[in-house]
Amino acid sequence: MNENTINTTKPLTIAIISIFPEIFHAITNYGITKKAIQKEIIKINIVNPRNYTNNKYRNIDDRPYGGGSGMLMAAQPLKLAIEYAKSILGYNTKTFYLSPKGTKLNQKKILILSKMKCFILLCGRYKGIDERLIRNKIIDEEISIGDYILSGGELPAMVLIDALCRFIPGSLGKEQSRKDDSFYNGLLECPYYTRPKVFDNVKVPNILLSGNHKKIKIWRLKQSLGQTWMKRPDLLNKIILTKEENDLLEQFKKETVKLKDNKTT
Ligand code: 4H7
């Protein structure tokens, strides 16, 4: 696309079902996610299911059948909130439920989501939701952001949206490139340094001060491969390295062994 081309792509619209709409100020008011909204790259609609309760006190929680501690989110107000979101976004819009039982979110899934036109995120609170929303397929998919327990689905929803924003063309400025992101090419990022040249007796690697951009690029790729090998070797099994990348990694390994030897002797 050049500057004469009109970008007719519509914003990716995300409806969020949550009883705490203000929490989302964290992404609507700060940083790259705020910019993405201002530039109409993404659009966020928050629906509070409390507005769909039918009791005087606007209670959304209720006791679980069979007893036990804690409360559940009742099915009816959540169903109505989802239906309202669908009346705006379209009746075939998919609904994702952020839950510890979901399939684990990763960069590949984020890429798939970033190409969608719209979707609904349901944020659970209390002990979660009435199981019939899942059994009746009102929820299309359960997504987890990792194996740990949180008190609500709002943070996972924001994690998902933040990661997704980085994938949509136009959301990142010139200074932040998606290509530099860890995982973009399946590798971790290279180390970065800024001023001063010496900090706590540690000098910035000479190559970065050399001004030789071709060499710097190769050094960064080598470090990127090395970081991945040292910190997340499992990631290397998922990608195929070129001959050049393989050679660079071998060089890195040799140098690292040398460093280790120096330390111990
Ligand atoms: C759905 C069902 C997501 C949402 C249950 C959500 C972790 C993740 C929640 C629960 C989440 C994740 C209710 C289970 C409170 C734990 C103490 C909200 N936690 N909860 N219980 N990993 N919590 O993506």
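The values are calculated or read from the model by the stated rules, or taken from the named source; none is laboratory data. Owing to the predicted nature of the structure, the values given are computational and were not obtained by experimental measurement. When we count neighbours, we look across all protein chains shown, and the Cβ atoms used for this are built from the backbone with ideal geometry, even at glycine. For accessibility, only protein heavy atoms count, side chains too; no ligands or nucleic acids. Shrake-Rupley method; radii C 1.70, N 1.55, O 1.52, S 1.80 Å.
A few remarks follow.
- Breaking point among (1) within 24 Å of the chain's Cα centre (by Cα); (2) of a type in the set (S, T, N, Q); (3) surrounded by 11 or more Cβ atoms within 10 Å (Cβ to Cβ), for Asn237: (3)
- Given (1) within 16 Å of the ligand (Cβ to nearest atom); (2) without any contact (Cβ under 8 Å) to a residue 12 or more places away in the chain, number of the condition Asp61 does not satisfy: (2)
- Failed condition for Ile149, given (1) closer than 26 Å to Cys165 by Cβ; (2) more than 11 Å from the ligand (Cβ to nearest atom): (2)
- Test for Arg232: is it touching a residue at least 40 places away in the same chain (Cβ under 8 Å), at negative phi and open to solvent by 70 Å² or more (accessible area, probe 1.4 Å): yes
- Qualifying residue in segment 157-172 (condition: under 25 Å from the mean Cα position of the chain (by Cα), of a type outside the set (A, V, I, L, M, F, W, C) and closer than 30 Å to Leu72 by Cα): yes
- Taken as a whole, the structure places Ile145 among residues that are in contact with a Pro (Cβ under 9 Å, 6 or more places away or on another chain) and in contact (Cβ under 8 Å) with a residue 24 or more places away in the chain.
- Residue satisfying all of: in segment 77-106; in a helix (DSSP H, G or I) and in contact (Cβ under 8 Å) with a residue 40 or more places away in the chain; surrounded by the fewest Cβ atoms within 10 Å (Cβ to Cβ) among these: Ile88
- Of all residues making up segment 107-145, the number that are more than 10 Å from the ligand (Cβ to nearest atom), open to solvent by 80 Å² or more (accessible area, probe 1.4 Å) and not in a helix (DSSP H, G or I): 5
- Verdict on Thr13 being assigned to a helix (DSSP H, G or I), open to solvent by less than 40 Å² (accessible area, probe 1.4 Å) and in contact (Cβ under 8 Å) with a residue 12 or more places away in the chain: no
- Count of residues meeting criterion [modelled with pLDDT of 95 or more, open to solvent by less than 70 Å² (accessible area, probe 1.4 Å) and of a type in the set (S, T, N, Q)] in segment 30-76: 4
- Criterion: open to solvent by less than 20 Å² (accessible area, probe 1.4 Å), out of contact with any Pro (no Cβ under 7 Å at 6 or more places or on another chain) and either more than 11 Å from the ligand (Cβ to nearest atom) or among the aliphatic types (A, V, I, L, M) (or both) - qualifying residue of Val198, Val159, Val204: Val204
- Residues being in contact with a helix residue (DSSP H, G or I) (Cβ under 6 Å, 6 or more places away or on another chain) and farther than 12 Å from Asp162 by Cβ - total across segment 26-36: 0
- Among the candidates Ser171, Ser210, Ser224, residue that is under 27 Å from Lys260 (Cβ atoms), among the polar types (S, T, N, Q) and open to solvent by less than 40 Å² (accessible area, probe 1.4 Å): Ser224
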